[in-house]
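S.K.: Got a structure for you, written out below as structure tokens; questions coming shortly.
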Amino acid sequence: MKYYIVDAFAENIFEGNPAGVCIMDHWISDEMMQKIAFENNLAETAFAVKEGEHYHIRWFTPGYEIDLCGHATLASSYIIHHFVEPSLEEIKFQSMSGELIVKVEGKQFILDFPSRMPEIIEVDSQLEEILGTKIKEAYLSRDIMVVVEDEEVIQSLTPDFERLRNYELGDGVIITAKSEQYDFVSRCFYPKCGVNEDSVTGSAHCNMIPYWASKLDKDEMRAKQVSPRGGKLSCKLEGDRVKISGSAVLYMIGDIQV
């Protein structure tokens, strides 16, 4: 089976977030896809099969399947556009989160994803201890999203990943703050999925875009995920959808022997 690794939300190799991509003629078992994702040991491995006008896409972390992933969808779009159907300028996916559309404009891939404004929850002192910082506001969707006062706090965080892995709420934790150079910055932690820190998380921005649009009173924003690898995203809120734009770079083409 052909296998690709793409650095998504990246302008150069070794930037952004690497994702594994398998574009297949037919589905293999869930167990096999999970084993491949575990073996790959990347934040996500995407599997996609063409079904009519759409590609049916699924995403597996090393630990389990998830319902939405931005960077692996961008990576899959890059592979489809460059190696499978080069004529496609709009790639339609069916997924656990409904229809996802990716438009190709030059080197940019524009993801059309659902907006997921999280619900406010009480600030938990235990989570503050785990993260090692005071929390200004806390929200919950698939992940916990916490807002802190200062972007410099985000860059210096060293969470207790073992305790975070056992924390009751959320698949992961998104930490965000208003930024001077960008509109907002973030980091994302997913030890439950087998990934302590995700480099650039498109799905997390489905939460952050509607939040910051309301706080900043603007629909178009620039964001940066300040992980060690880092990544820049152009963000736009359009009703109940968000647009997330970024580029990608091919790292590897190989063959999986299964």
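S.K.: Considering only region 192-213, I want to know if a residue exists there that is under 23 Å from LEU42 (Cα atoms), of a type outside the set (A, V, I, L, M, F, W, C) and free of Cβ contacts under 8 Å to residues at least 60 places away in the same chain.
M.R.: In the first step, residues of region 192-213 are kept if they are under 23 Å from LEU42 (Cα atoms); the result is 192-207.
Adding the requirement that they be of a type outside the set (A, V, I, L, M, F, W, C) leaves 192, 194, 196-199, 201-203, 205, 207.
Then keep just the ones that are free of Cβ contacts under 8 Å to residues at least 60 places away in the same chain; that gives 196-197.
Yes, that holds for at least one residue.
S.K.: Can you find even one residue in region 137-146 that is modelled with pLDDT of 95 or more, within 19 Å of GLY202 (Cα to Cα) and not assigned by TED's automatic domain parsing to the domain that holds VAL200?
M.R.: For region 137-146, residues modelled with pLDDT of 95 or more, within 19 Å of GLY202 (Cα to Cα) and not assigned by TED's automatic domain parsing to the domain that holds VAL200: absent.
S.K.: So if I check each of TYR3, TYR64, TYR55, which one is surrounded by 15 or more Cβ atoms within 10 Å (Cβ to Cβ) and touching a residue at least 40 places away in the same chain (Cβ under 8 Å)? Before the answer, list the steps.
M.R.: Details: TYR64 fails: surrounded by 15 or more Cβ atoms within 10 Å (Cβ to Cβ); TYR55 fails: touching a residue at least 40 places away in the same chain (Cβ under 8 Å).
When all the criteria are applied, what remains is TYR3.
The values are calculated or read from the model by the stated rules, or taken from the named source; none is laboratory data. Treat the numbers as computed from the prediction; the structure is a model and nothing was measured. Because the Cβ atoms are built from the backbone with ideal geometry, glycine has one as well, and the counts that use them run over all protein chains shown.
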